[in-house]
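I have placed the structure first, in the form of structure tokens, so that the comments after it can refer back to it.
The values are calculated or read from the model by the stated rules, or taken from the named source; none is laboratory data. Keep in mind it's a predicted model, so treat the numbers as computed, not measured. Note: ideal-geometry Cβ built from the backbone for every residue, glycine included; neighbour counts use all protein chains shown. Just so you know, the surface numbers come from the protein's heavy atoms only, side chains and all, with ligands and any DNA or RNA stripped out. Shrake-Rupley method; radii C 1.70, N 1.55, O 1.52, S 1.80 Å.
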Amino acid sequence: MIDQQQLITKISIYADSITLYSKKVTELFRHALVDTITNTVSVQPDGKIFVATGDIPAMWLRDSTFQVLPYLQLTENIPEIKALLHGVISQQLAFIQHDPYANAFNKRATGAHFSEDHSNIPISDLVWERKFEIDSLCAPLYLSFLLYEKTGYKEHLTEYFWQTVDQILDVFIVEQHHETSPYYFKRTDCPPSDTLQNDGRGSPVNYTGMVWSGFRPSDDACVYGYFIAGNLFIISVLKQLLPILPKSYVEMKHKMTTLLAEIEKGVQEFGLMTVGDDEVYAYEVDGLGNQLFMDDANVPSLLSLPFLRYCASDEPLYRSTRKHCLSKNNPFYYAGNYLAGIGSPHTPENYAWPIALAMEGLTTENTAEIKAKIDLICATDAGTNQCHEGIFVDEPTQYTREWFSWSNMTFCQLVFHYRTLCLKENGGKR
């Protein structure tokens, strides 16, 4: 079991040792890096590690992955980070085993929920919200692989881990045929984006080979049931896990390879569309001919595909998709007097998200562009030393969410990315 206070001290010492190219960048980076380990992490009596999202006390499977992912950069300096990440993964796996359709969980089985009105949806006391989002099941596997790849650490890759992977595969296979799935989500007295239409089943879909998702990473309902960036995240994760799958798991390998082939075929047949003169990835489709182009700040997004290891940043189809994501062809790309970037229907119109600004930098190796994004994020904290959720593009003192740990840590990820590229450009000299 990790000593959290000792780890806080070591991360604080590390943060204090980092001096970046400006005082403001240094201050925001140091604060964000220490804030997450200090104020969102809780070590449970059994050694599992709960990570609250920030101003909401629940732990999201997706958010928690990206909240702790930047700490991978510290493993050489602070080896105990590996145990921290192992503890987070253990908690994520336990939550998935408890309910693979839930997206967010309580620290204990308190019965606290996002909304008390679930219209008879079965929900346990441990679950904060039961919105099925395919990225919630991908993100812990992504973290698990990167921990192994970065450090060689594999104590988390136990039989329990692979049992959980198998459970995730089974859910994905069920949701390839959502019409026969037991899952539904029906909430009343709420915005349309907070529930599923068609009596909680979502809009009709046709079989494509892809996996159905009820909700997006923003926790907003999908317009069409096949969320393309989420399916591409599944492809990325399966390709990462297959080479390290123990040889004894023959049946699981067959499930993974079959699912991988079916999703890839579905994306090629149904997930591409034309915007302007360019072929691009759609954001959502239904297999019935309906397609939606947009992008949302929350990850996985179309913008984030290279970050998620799905493709290279110079891959032509990604480049054309990215161009249109960062243009007026994306209805949630906002440009104002102060900043421009991708926002979300989850927040007010004309609010761009620092997570998306950071993702622009995390999906390029142009250090000048990355530095510009770092500076822009720093200039929009409204003097709070926090990265917010959404920021009004004409006035950065107007923002949503005072404290959003995922945003803070994506900024740290961007700074690490910038430092790595600068080090490479300087021939390894700091």
Hz values of 3J(HN,Hα) by residue in region 166-178 - Karplus curve (6.51, -1.76, 1.60), Gly and Pro given as x:
5, 5, 4, 4, 4, 5, 4, 5, 4, 7, 5, 10, 4
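By accessible area of protein heavy atoms, probe 1.4 Å, what ranking do R108, R30 get, highest first? Intermediate values should be presented prior to the final figure.
Values: R108 145, R30 70 Å².
From most exposed to least exposed: R108, R30.
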Extended-chain gain in nm, criterion 0.36 nm per residue less alpha-carbon gap, K328 and A109
74.4 nm
Using modelled amide H (1.01 Å from N, peptide plane; none on Pro or chain starts), what sits under 5 Å from the amide H of G390, excluding residues fewer than 5 places away?
T400
Linear extension gain, E365 paired with Y160, 0.36 nm per residue minus alpha-carbon span
70.1 nm
Cα to Cα, under 26 Å, and not fewer than 8 places away if on the same chain: which lysines meet these conditions relative to K82?
K10, K48, K107, K150, K154, K239, K247, K424
Apply the Karplus parameterisation 6.51 cos²θ - 1.76 cosθ + 1.60, with θ equal to phi minus 60°, to every residue of region 20-25 and state each ³J(HN,Hα) to the nearest whole Hz, in sequence, with x for glycine and proline.
9, 6, 9, 4, 5, 4
Solvent-accessible heavy-atom area per residue, rounded to whole Å², over region 291-368 at 1.4 Å
36
Based on C-alpha coordinates, I'd like the Rg and Dmax of region 37-175, in Å.
14.8, 50
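Lys and Arg at +1, Asp and Glu at -1: add these up for the other residues within a Cβ distance under 11 Å of D278 and post the number. Working shown, then result.
Working: positive: R319, R322, K323; negative: D277, E279.
Here the charged neighbours net out to +1.
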Under a point spin-label approximation (7 Å from Cα along Cα-to-Cβ), what is the Y207-D170 distance to one decimal in nm?
2.1
Suppose only helical runs count, i.e. DSSP H with n ≥ 4. What mean residue ellipticity at 222 nm does that imply for the chain under -39500 (n - 2.57) per run, divided by all residues and rounded to the nearest 500 deg cm²/dmol?
-13500 deg cm²/dmol
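Express the carbon and sulfur contribution to the solvent-accessible surface of region 90-177 as a percent, rounded to the nearest whole number, probe 1.4 angstrom.
C and S atoms contribute 49 percent here.
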What is the percent carbon and sulfur in the accessible area of region 237-321, measuring with a 1.4 Å probe over the protein chains and ignoring ligands?
51
Rounded to the nearest 10 Å², the 1.4 Å probe accessible area of R130 is 40
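Within the accessible area of region 366-430, what % is carbon and sulfur when the probe is 1.4 Å and the other protein chains stay in place? Numbers along the way, then the final one.
Numbers: 1330 of 2680 Å².
With neighbouring chains kept in place, the figure for region 366-430 is 50 percent.
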Cross-link pairs K23/K328; K23/K323; K186/K265; K323/K373 - those with Cα-Cα distance over 25 Å
K23/K328; K23/K323; K186/K265
What is the calculated FRET efficiency for Q44 to D3, with r their C-beta to C-beta distance and R₀ = 22 Å, to the nearest 0.05?
0.95
Rounded to whole Hz, the Karplus (6.51, -1.76, 1.60) HN-Hα couplings of region 247-263, x for glycine and proline
4, 6, 8, 5, 5, 5, 4, 5, 4, 5, 5, 5, 4, 4, 5, 5, 5
Pull out the extension gain between D55 and Q398, defined as 0.36 nm times the separation in residues minus the alpha carbon to alpha carbon distance; nm, one decimal.
121.7 nm
Accessible area per residue, Å², region 142-201 with all protein chains present, probe 1.4 Å
48
Provide the three semi-axes, in whole Å and in decreasing order, of the ellipsoid equivalent to region 276-397 as defined by the square roots of 5 times the Cα gyration tensor eigenvalues.
25, 17, 12
Which of A368, A83, A382 moves the most in a Gaussian network model of the chain with Cα springs under 10 Å?
A368
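Taking N as the number of residues in region 153-254, what value does Rg over Cα atoms divided by 2.2 N^0.38 Å take? Don't skip to the answer; put the middle values down first.
Values: Rg = 16.0 Å, N = 102, 2.2 N^0.38 = 12.8 Å.
That ratio works out to 1.25.
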Orientation-averaged projected area, Cα convex hull of the chain (nm²):
19.9
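Determine the per residue accessible area of region 1-53 with all protein chains present and a 1.4 angstrom probe, expressed in square angstrom.
45
Using alpha carbons only, what's the Rg to Rh ratio of region 111-204 with Rh from Kirkwood? Walk me through the numbers on the way to the answer.
On the way: Rg = 16.5 Å, Rh = 15.6 Å.
Dividing the radius of gyration by the Kirkwood radius yields 1.06.
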Please state, as a whole number in µm²/s, the translational diffusion coefficient that the Stokes-Einstein equation yields for region 349-429 at 20 °C and 1.002 mPa s, with Rh defined as the Kirkwood radius across alpha carbon pairs.
166
